[in-house]
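To keep things clear, I will list the structure first and then write my remarks on it.
The values are calculated or read from the model by the stated rules, or taken from the named source; none is laboratory data. Computed from a predicted structure; not experimentally measured. Cβ sites come from the backbone with ideal geometry, for glycine too, and all protein chains shown count toward neighbours.
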Amino acid sequence: MNSFKQLIDKLAKRSGVFSEIKVRLILEEWDDIIGSPLSNKTKPVALKAGVLYVLCEDPLWAQELRFYTEDILKKLKSKLKDTRDVNAIKIIRRSEEVDGKIYS
């Protein structure tokens, strides 16, 4: 019997809709991907054209996030596999900056 995750993985390779579901599931694992306390101070809010937009209102935590960008990209690529390429992380300071930058 296939687990829900395995089913989503198979369907994600065939359908854009399931690809979006997988991306959202991965981004819900943000805590596991970057760890605490950074995960408590940042939030992924959009993924578009290979760029992950991360909300971080505190400049000190934004700098910390920049320090770990390469590690985060590696972890995301391994989790997303064939579904989606994440090539960059853009740190934004206000949620208004992502208006129109929905997951796509």
Subset of the range 32-84 (residues that are of a type in the set (Ser, Thr, Tyr) and within 21 Å of Arg94 (Cβ to Cβ))
Ser39, Thr42, Tyr53, Thr69
Working only within the range 34-49, note down all residues that are among the basic types (Lys, Arg) and either exposed (fewer than 12 other Cβ atoms within 10 Å of the Cβ) or closer than 18 Å to Arg24 by Cα (or both).
Lys43, Lys48
Quick check on Val51: is it within 20 Å of Asp32 (Cα to Cα), of a type in the set (A, V, I, L, M), out of contact with any Gly (no Cβ under 8 Å at 6 or more places or on another chain) and at pLDDT 75 or above?
yes
